[in-house]
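Undergrad: Encoded as structure tokens, here's the structure I'll be asking about.
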Amino acid sequence: MKYILVYILSLLTIITLISCGKNYSAEDRNYIQQVEKSRKDKDDYMKNDPSSPFNQDTAAHFAPLKYFKVDPDFVFRSKLYQYDKKDTIKIYGTKGEERKVVKYGYVVWDYKGQEHKIKVYKGMTRSGVPYYSIWFTDKTTGKETYHVGRYLDFEVMTDPNYTYTIDFNLAYSPYCAYSTRYSCAIPSKEDYIDVAIKAGEKSFH
């Protein structure tokens, strides 16, 4: 029965894509199905995992997260261009607290003939583990998407010529979008993208 349901969902996805007028390749259709599955898995985590914000905060009530339709046109590739001088800067969380992060580098991508650049930041968790992240605002911010901004996880590779995938379909809202119990890094004016990134997670409320 499970396999029949998976088959039906896959078939419905293909029919939907065809009806939308986009002639996706088999590779694109497979990619779209993978992202849609990851979204279902995230809903399951948010609803059932004890560490999710909806189970950590009794005032936060779970509902399935909202997304734009998966669009392969919002997947880009770029090398990571590291800054020679990696400045440590101050940013602020949504509760007003000061944080320090490193401006590590940037990636470059082309959308509809126009080049865009977005920064990659290096931070440290409370337990001292380094992490890398992209956070941004765009023309959908405060309208269709969370008013503070959205994030993309980033993993730095040792190969300086490595080509990274920047997939805005994976852009997500931080936990403070669901619960006031959390504080999240606020993107700066430099992190604004002058494009409507109609991909990834929409505003929860």
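Undergrad: Can you give me the Cα centroid spacing of segment 52-110 and segment 122-192 in angstrom?
TA: 0 Å
Undergrad: Could you work out [θ]222 nm for the chain from helices alone, using -39500 (n - 2.57) per DSSP H run of at least four and dividing by all its residues? Round to the nearest 500 deg cm²/dmol. Mind dumping the intermediate values first?
TA: On the way: 3 runs with 45 residues, N = 205.
-7000 deg cm²/dmol, from helical runs alone.
Undergrad: Let me ask you something else. Among [x] 58, 33, 21; [y] 93, 29, 27; [z] 53, 46, 33, which one is Cα extents along the principal axes in Å computed from these coordinates?
TA: Checked against the structure: label [z].
Undergrad: Assign one of three labels to segment 114-161, namely rounded, prolate or oblate, based on the Cα gyration tensor with a ≥ b ≥ c the square roots of its eigenvalues; rounded applies when a/c is under 1.5, prolate when it is not and a/b is larger than b/c, and oblate otherwise.
TA: Numbers: a/c = 3.74, a/b = 1.42, b/c = 2.63.
Note, shape of segment 114-161 comes out oblate.
Undergrad: Also, quick follow-up: Looking at segment 147-205, which trypsin sites (Lys or Arg not before Pro) are DSSP coil and have at most 14 other C-beta atoms within 10 Å of their C-beta?
TA: Numbers: sites: 150, 181, 189, 198, 202; in loops: 181, 198, 202.
Qualifying residues, ordered by number: 181.
Undergrad: Could you identify which residue out of 59, 185, 26 has the top mean-square fluctuation in a GNM of the chain using Cα springs shorter than 10 Å?
TA: The residue with the greatest mean-square fluctuation here is 26.
Undergrad: Once you've got the GNM for the chain with C-alpha springs shorter than 10 Å, pick whichever of 95, 143, 22 has the biggest mean-square fluctuation.
TA: Looking only at 95, 143, 22, the biggest GNM fluctuation is shown by 22.
Bear in mind these aren't lab numbers, they're just calculated from the coordinates by the rules spelled out. None of these values were measured; they are calculated from a predicted model. Using ideal geometry, Cβ is built from the backbone for each residue, glycine included, and neighbour counts are taken over all protein chains shown.
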